[in-house]
Each structure stands twice: as C-alpha cells, then as structure tokens.
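Report on the structure given below.
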Amino acid sequence: MNPAVTEMLSRYEITTTGEAENALKEIIQEIALLGLHRAKFFEKAAFYGGTALRVLYRLPRYSEDLDFTLFAPNQKFSLTPYLSAVEKELAAYGFQTTIGIVDKKIKTEIESAFIKANTRIHLLEIEALKKYGPTNHKDSKLQIKFEVDTDPAISFQSETQYLLSPISFPIISLKKPDLFAGKLHALLYRSWKNRVKGRDFYDYVWYLKNSVPVRLEYLRDKAIQSGHAKPTDLKDLKQLKEALSRRFKTVDFENAKRDVASFVKNQSELEAWSLDFFLKITEMLGVV
C-alpha cells in the first residue's frame with residue numbers, strides 16, 4: 001500500500017472495525033477527488049453535500065456519498081470520461097476497485113456511479129488496519145456513490161478550497177451558506193419512507209453551532225425547481241422557520257438518532273435530540 005495512505009490514516013483514532021471501515025472509505029473518497037481534479041472535473045462541477053462538509057470543514061461525522069452540481073444544466077453530461085481517471089488514481093495508491101455508471105431505466109437529472117471494493121482485502125493490506133480484517137466478512141463490500149445534478153438551480157456561489165492529502169490540490173465547492181441551503185432542501189423535502197435521515201439533522205445542528213447562515217435565494221430556487229415550493233414560498237426567514245417547524249413535527253427523532261449513530265464517534269451529541277430541541281435551536285437560524 002502507498003505510504004501516503006498510512007500517513008492519511010494517522011489522523012484517525014480507530015478503536016473498532018466500524019471506525020476502520022469509515023476511515024478507509026473516507027481515504028478512498030479523498031483519493032477519488034484527486035482523480036477528479038486531475039481529469040479537470042471541477043471545471044464543470046462543484047462539490048457539495050455532507051461529504052463536502054466532512055472533507056473540507058471536518059464535520060464530526062462520516063459521510064458516504066460524493067455529491068456534485070454542474071455549473072450549468074447539461075442533459076448530455078456523462079461521468080464516464082472521468083471515472084477512468086478516478087480508478088487510475090485509486091490504483092496508484094494501492095486500491096483495487098471497480099467503478100461503473102448506474103444504468104437507469106428511467107432517465108433522471110442525476111447522473112450516478114459507484115466505486116466498489118472488497119473491504120476485508122483492503123483492511124488486511126493496510127498495516128494500521130490489519131487487525132480489523134479478520135472481524136470483517138470476506139465478501140463485505142465498500143461502496144461509494146457519485147451523484148451529479150445535471151439540471152441544477154444555478155443561483156449558488158462557489159469557491160476554491162484545498163485538500164492537503166494525499167497531496168495538495170484544489171477543489172471547487174459551494175460556499176458554506178449554499179451548502180447549508182442544499183442541506184435544508186434535503187431536510188425539508190427528502191422522501192424518508194420508513195428511515196429518517198438522521199444525518200440531515202446532525203448537519204443542521206452543525207451549521208447552527210457554527211453560526212452559518214443559509215442562502216435563502218438558492219434554497220428557494222432549488223425548492224421551486226424540484227416542485228416542492230411555489231415562488232411565494234420561502235421568501236423570508238419567517239416562512240423558512242415555519243416550514244422547518246412543520247417538518248420537525250413529522251419526525252421520529254429516535255429513528256433519526258439510530259440512522260446517524262454509526263457515523264458519529266461521540267454518541268452524547270445525540271442525547272438532546274427531540275422535537276422541542278429542534279424547534280428551540282431553529283431560533284438561531286439566519287439567512288443571507
């Protein structure tokens with residue numbers, strides 16, 4: 001395994017197999033981002049979502065997917081030309097992966113692909129993680145999803161950020177208020193079915209704790225484009241707080257805590273979660 005991987009692992013405090021798997025996944029995510037950079041992907045798209053918050057701002061929870069938005073709508077966009085660069089980069093660091101586009105029967109505005117690898121093989125090959133390999137099922141699969149919005153609302157603002165591992169390289173990402181807007185869109189309108197995405201609520205708390213305002217224009221544009229709002233909705237902070245209050249009243253917060261628990265090291269962060277907690281902290285919300 002490439003020595004850079006050992007160096008990247010040194011920033012983690014790993015005590016369980018689950019933490020070893022999460023660290024492995026995060027390192028693969030960062031190397032994949034380097035591959036995208038080399039392929040000039042960030043000339044076309046910006047990084048956003050929970051993994052952007054984790055990788056760029058050290059959000060204290062692990063995240064699974066790599067989410068991007070094009071700078072302009074392009075229904076002909078394809079991830080295919082970029083995936084070979086990602087696979088080549090991962091191989092250079094010692095990772096045996098397969099990457100493929102998701103073949104959808106019904107075309108949507110989201111272009112999707114997956115990185116897949118055998119988790120146990122990679123745990124055993126990395127000296128710092130070797131002891132966790134035997135407790136991992138031999139057929140366990142590590143899987144990371146890429147998603148690119150090819151028909152985006154384009155009122156977001158972006159900026160250049162830098163990762164220092166495995167080497168120093170630039171990434172184009174949404175600015176924090178726009179990242180927050182994207183998270184609020186998911187929190188308000190994501191279809192949960194029987195599994196509440198507790199990760200959305202965890203990130204919401206993080207944004208408020210770090211005094212990040214939401215770019216209301218971008219949130220409203222996304223909500224209108226996705227068919228969840230009318231032009232008269234979400235026009236000011238009062239309307240946004242009312243929408244959040246309605247959403248919170250539909251949530252099973254015990255279910256939400258269970259969803260996010262395996263991604264969070266400090267479980268005490270979740271103890272206060274309740275309807276009253278989320279209604280009260282929403283008073284801290286600000287907009288730009």
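The values are calculated or read from the model by the stated rules, or taken from the named source; none is laboratory data. These numbers were taken from a predicted model, which means no experiment stands behind them. So basically every Cβ, Gly included, is an ideal-geometry build from the backbone, and we count neighbours across all protein chains shown.
Filter segment 264-288 down to the residues that are hydroxyl-bearing (Ser, Thr, Tyr) and touching a residue at least 40 places away in the same chain (Cβ under 8 Å) and list them by number. Hit for segment 264-288 is Thr282, nothing else. Find the residue count for segment 125-167, including only residues that are of a type outside the set (A, V, I, L, M, F, W, C) and assigned to a loop (DSSP other than H, G, I, E, B). Of the residues in that region, 12 qualify. When Leu270, Leu244, Leu285, Leu275 are screened for being in contact with a Ser or Thr (Cβ under 6 Å, 6 or more places away or on another chain) and of a type in the set (A, V, I, L, M, F, W, C), only Leu244 passes.
Hey, any hits in segment 194-214 for a residue that's among the aliphatic types (A, V, I, L, M), farther than 27 Å from Val288 by Cβ and either surrounded by 14 or more Cβ atoms within 10 Å (Cβ to Cβ) or over 17 Å from the mean Cα position of the chain (by Cα) (or both)? Scanning segment 194-214 turns up at least one residue that is among the aliphatic types (A, V, I, L, M), farther than 27 Å from Val288 by Cβ and either surrounded by 14 or more Cβ atoms within 10 Å (Cβ to Cβ) or over 17 Å from the mean Cα position of the chain (by Cα) (or both).
Do we find that Leu237 is surrounded by fewer than 17 Cβ atoms within 10 Å (Cβ to Cβ) and over 28 Å from Gln157 (Cα atoms) in this structure?
The answer is no for Leu237.
Does Thr119 count as polar (S, T, N, Q), within 21 Å of Gln143 (Cβ to Cβ), buried (at least 21 other Cβ atoms within 10 Å of the Cβ) and modelled with pLDDT under 95? Taking the combined requirement at face value, the residue satisfies it.
Rundown of residues vs (1) touching a Pro at 6+ places or on another chain (Cβ under 6 Å); (2) modelled with pLDDT of 95 or more; (3) closer than 29 Å to Gly286 by Cβ, yes/no style:
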position: Asp139; (1), (2), (3): no, no, no
position: Ser191; (1), (2), (3): no, no, yes
position: Arg220; (1), (2), (3): no, yes, yes
position: Gln225; (1), (2), (3): no, no, yes
